[in-house]
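Read the figures in this text as sums done on the coordinates, not as results from a lab. What you are looking at is a predicted structure, and each value in this text was computed from that prediction instead of being measured. FYI the Cβ positions are ideal-geometry reconstructions off the backbone, even for glycines, and counts take in every protein chain you see.
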Amino acid sequence: MSNIKISVAKGDGIGPEIMDAVIGIFDAAQVPLQYEFIDMGKSIYDKGFGTGMTEDAKNSVETNGILFKGPMETPKGKGVKSINVTARKTWSTFANRRHFRSLEGVNTVFSKAGIPIDLTIVRENIEDTYGGIEHMLTQDVALCRRFITRPGSLQVHKFAFEMARKEGFKKVTCAHKANIMKLTDGLFLETFYEVAKDYPEITANDIIVDDLAMKLVAYPQTFEVVVLTNLQGDIMSDLCAGLVGGLGFAPSANIGENISIFEAVHGTAPDIMGKNIANPTSLLLSGLMMLRHLGIMDKANLIENALLYTLSQGAHTGDFGDKSKPSLNTTDFANTIIANLGKDPENNKARETNSTSTFHLPTRPNNQKVMFTQREAGINESIVGADLFVEFNSTADLIAPIVQKHLNENFKLIMISNRGTQVWPTGSVFTECVDQYRVRIETLNGYEANTAEIYELAGKISKDILVTSVELLRKFGDKPGYSLAQGQ
Ligand code: NAI
């Protein structure tokens, strides 16, 4: 096999120490990779590259299609986006895959109870509140927009089911909060079952995310693959890291159509940098996910078994393991794994899969891809009203007449809500309000509005009361594209 070229960014803090350790293990195992080292991270950001990477680094990743990266520090301060999140989003790595497995030698509550954990979390990696689209609507009210899209959800669900099919998982569970967020999480759940139909051999079920949190702690062994939206997935995957011994044992793969990024879950650990005591296991496990992604299965199994053997013998860095045994530094821990190449642990060997690689070099598109799903023929899309968000520091009954005086015969004021709870025409005097109301106006007698008249109306109302934003109420066929207020 000829060597596959990958881009490697050692990162900040302990990044270079753990990356050198992992590459040392790969070299000893004769992994057929060629490394192109690139400049990314805080030091590059400090040199004035706002994205935290040089143009050469960007070209390298976009040519090789694989970035193996150490942790990178996010410069502190307003307006600075995380280099890690920017990389994942810029290169459309839509699925974040994390594997959590009990490791012999890494003591946890579950290992002591004899309960083995082996579960995979697939987290949508681009959308949700991670768009970071936030506004202060008034001095008191901040808004974060949460985007869940049909194409984005389909991509991540297809990835989860394809992975399950290729690697022999029997069950995929979608976790969500569709009981509350009926449109956003509802779309995520709906697309999950749409995709599941193409994989009849795999059991597909769903669970509300808070129930998942409880069950992961009570019976983690009952889950195989769990697919979640971005923020819920972020939280649940750290919970899972805790189940198997902490972030030092949690690998992460960010998978995209053309480019994939493999990295440790933990950060730059500035408190221990330069001391050669960091634990390289998380980055090594991420590297093994990368080898399997590239189809280098034999070397991945060889190294994983050497790691599992090493851990089962009680070798450990300072952050875990039996404290009565002296800990190894990063270099010695890596050298012990190298010395154990070819040895297998007695129990729980590396999971062999028959999967073949689907990796291909990036095909550079001429333009950015715009994804949209096929529209159902004959569906009428109409505007049936608007939600006007207004700043007002008194009660809703005073808003109603101000709005009503601007409405013509085609429109009616339906309700006013505050923080999502209806406060007009009916509501409870106990509902505490802030200085930001939503005013819902709907059309009457099947009238279809146009955007111009909605904005004209908002403009007129704005003369009396500040309209901070407008959201159209759209209908797609019979289906309303908006939710009801609590109590409506
Ligand atoms: P952290 O994960 O760097 O450290 C938390 C604690 O875990 C520290 O006590 C640290 O010493 C320990 N630790 C972490 N990795 C370890 C390892 N491999 N071996 C032994 N001990 C380890 O989290 P923190 O302090 O919140 O973040 C530090 C920096 O890392 C921040 O700038 C943050 O933005 C960045 N970060 C980068 C990530 C990435 O590149 N994907 C992910 C998370 C944080």
Next item on the list: In nm, give the distance between the simple-model label positions of Ser82 and Met136, each being 7 Å from the Cα along the Cα-to-Cβ direction.
Entry: 2.4 nm
Note to self: Per 0.36 nm of contour for each residue apart, how much would the distance between Asp118 and Glu346 grow if the chain were fully extended, relative to their Cα-Cα spacing?
What the structure shows: 80.4 nm
Check: Quick one: how many lysine pairs in segment 381-480 have C-alpha atoms under 22 angstrom apart, if they're 8 or more apart or on different chains?
Finding: 6
Check: What spacing in nm lies between the two simple spin-label points modelled at Asn329 and Lys197, each 7 Å away from Cα in the Cβ direction?
Finding: 6.1 nm
Notebook entry, point to check: According to the square roots a ≥ b ≥ c of the eigenvalues of the Cα gyration tensor, what is the shape class of segment 164-266, taking rounded for a/c under 1.5, prolate for a/b larger than b/c otherwise, and oblate for the remainder?
Noted result: rounded
Next item on the list: Over the alpha-carbon set of segment 125-189, divide Rg by the Kirkwood Rh and report the Rg/Rh ratio to two decimals.
Entry: 1.12
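In this model, which of Lys10/Lys343; Lys112/Lys343; Lys58/Lys89 are farther than 19 Å apart at the alpha-carbon?
Lys10/Lys343; Lys112/Lys343
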Check: Which far-off residues, 5 or more places away or on another chain, put their amide H under 5 Å from the one on Glu73, with H placed in the peptide plane?
Finding: Asp12, Lys42
Next item on the list: Compute the distance in nm between two label points, each set 7 Å from the Cα along the Cα-to-Cβ direction, one at Val217 and one at Thr426.
Entry: 3.9 nm
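Could you list the GluC sites (Glu not before Pro) in segment 365-405 that lie in coil according to DSSP, counting only those with at most 15 other Cβ atoms within 10 Å of their Cβ?
Counting only loop positions with at most 15 other Cβ atoms within 10 Å, the GluC sites (Glu not before Pro) in segment 365-405 are Glu376.
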Note to self: What FRET efficiency comes out for Asp464 versus Cys144 if R0 is 25 angstrom and r is the Cβ-Cβ distance? Round to the nearest 0.05.
What the structure shows: 0.35
Note to self: Sort 119-129, 150-160 by the packing proxy (mean of other Cβ within 10 Å over each peptide's residues), most packed first.
What the structure shows: 119-129, 150-160
Next item on the list: Return the aspartates and glutamates within reach of Lys170: Cα separation strictly under 17 angstrom, same-chain partners fewer than 8 residues apart disregarded; answer none if there are no such residues.
Entry: Asp118, Glu162, Asp198, Glu201, Asp206, Glu224, Glu352
Next item on the list: Calculate for the chain the 222 nm mean residue ellipticity that helices alone would give, adding -39,500 (n - 2.57) per DSSP H run of length 4 or more and normalising by residue count, nearest 500 deg cm²/dmol.
Entry: -10000 deg cm²/dmol
Notebook entry, point to check: How much net charge surrounds Leu183 when only the other residues with a Cβ under 11 Å from the Cβ of Leu183 are counted, with Lys and Arg +1 and Asp and Glu -1?
Noted result: +1
Next item on the list: Give me Rg over Rh for segment 381-480, both radii from the alpha carbons and Rh done the Kirkwood way, two decimal places.
Entry: 0.96
Item checked: Protection proxy ranking of 305-313, 34-42 - average other beta-carbon atoms within 10 Å, highest first -> 305-313, 34-42
Margin query: I'd like the Karplus ³J(HN,Hα) series for segment 256-273: coefficients 6.51, -1.76, 1.60, θ = phi - 60°, whole numbers in Hz, and an x wherever there's a Gly or Pro.
Written below: x, 5, 10, 10, 10, 10, 10, 8, 6, 7, 6, x, 7, 6, x, 5, 10, 5
Note to self: If amide hydrogens are placed 1.01 Å from N in the peptide plane, which non-local residues have theirs closer than 5 Å to the one on Cys174?
What the structure shows: Asn205, Asp206, Ile207, Val227
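Using the C-alpha atoms of the chain, what convex hull volume per residue, in cubic angstrom, is computed?
Roughly 183 Å³ of hull volume per residue.
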Item checked: Ordering of 97-104, 178-185 by burial proxy (mean other Cβ atoms within 10 Å per residue, highest first) -> 97-104, 178-185
Next item on the list: Indicate the gyration tensor shape class of segment 379-424 (rounded, prolate or oblate), computed on the Cα atoms with a ≥ b ≥ c the square roots of the eigenvalues: a/c under 1.5 is rounded; otherwise a/b larger than b/c is prolate and the rest oblate.
Entry: oblate
Note to self: To the nearest 20 Debye, how big is the dipole of segment 381-480 about its Cα centre, given +1 on the beta carbon of each Lys and Arg and -1 on that of each Asp and Glu?
What the structure shows: 80 debye
Notebook entry, point to check: Amide H to amide H under 5 Å from Gln436: which residues, 5+ apart in sequence or cross-chain, H placed 1.01 Å off N in plane?
Noted result: Phe392
Check: Which whole-Hz couplings ³J(HN,Hα) result when phi for each residue of segment 21-29 is put into the Karplus expression 6.51 cos²θ - 1.76 cosθ + 1.60, θ = phi - 60°, listed in order with x for Gly and Pro?
Finding: 4, 5, 5, x, 5, 4, 4, 4, 8
